[in-house]
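Novice: Take this structure first; my questions come after.
The values are calculated or read from the model by the stated rules, or taken from the named source; none is laboratory data. Given the structure is predicted, the values throughout are model-derived calculations rather than measurements. Reconstructed Cβ throughout: ideal geometry from the backbone, glycine too, with neighbour counts over all protein chains shown.
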């Protein structure tokens, strides 16, 4: 599975307005609804599920990256988006540092393998210093989309 198969290009936010974890998650869910990747009426349910997952353990994985995610009925295949914050957001990250890249993933509870494949695709890229650095420097949606496509080509 490729990152470009998961990420909804029209929902990518090159500069989040959010200053908190919950605001960032809400902004990304709203962007997915605006891009018609999820139904607008499901926003409250999606928010509740993502925040409930966040309450179990932080998804701030360190090195400036957070990966909030949830499995929800009604999601046919994994969908995600990326939000970038040049200011940094407090996310209770494992390394106690601010988060600059928030990658939201939603998938179906009926297909755990697909969820794992999507998580693996994301982790593979965010583990690379160069990917994280370029993502943090990308100031437009186009630059982020280009980065995702280049990362997929590199494998």
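Novice: Can you list the helices (runs of 4 or more DSSP H) found entirely within region 1-103 that contain at least 1 residues being over 24 Å from residue 133 (Cβ atoms) and without any contact (Cβ under 8 Å) to a residue 60 or more places away in the chain?
Specialist: Numbers: elements: 3-6, 21-34, 43-56.
Answer list for region 1-103: 21-34, 43-56.
Novice: All but one of (1) at pLDDT below 95; (2) surrounded by fewer than 20 Cβ atoms within 10 Å (Cβ to Cβ) hold for residue 91; state the number of the condition that does not hold.
Specialist: Here residue 91 meets the rest and fails (2).
Okay, residues lined up against (1) over 16 Å from the mean Cα position of the chain (by Cα); (2) surrounded by 13 or more Cβ atoms within 10 Å (Cβ to Cβ); (3) free of Cβ contacts under 8 Å to residues at least 60 places away in the same chain:
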residue: 107; (1), (2), (3): no, yes, yes
residue: 110; (1), (2), (3): yes, no, yes
residue: 115; (1), (2), (3): no, yes, yes
residue: 125; (1), (2), (3): no, yes, no
residue: 131; (1), (2), (3): no, yes, yes
residue: 139; (1), (2), (3): yes, no, no
residue: 147; (1), (2), (3): no, yes, yes
residue: 153; (1), (2), (3): yes, no, yes
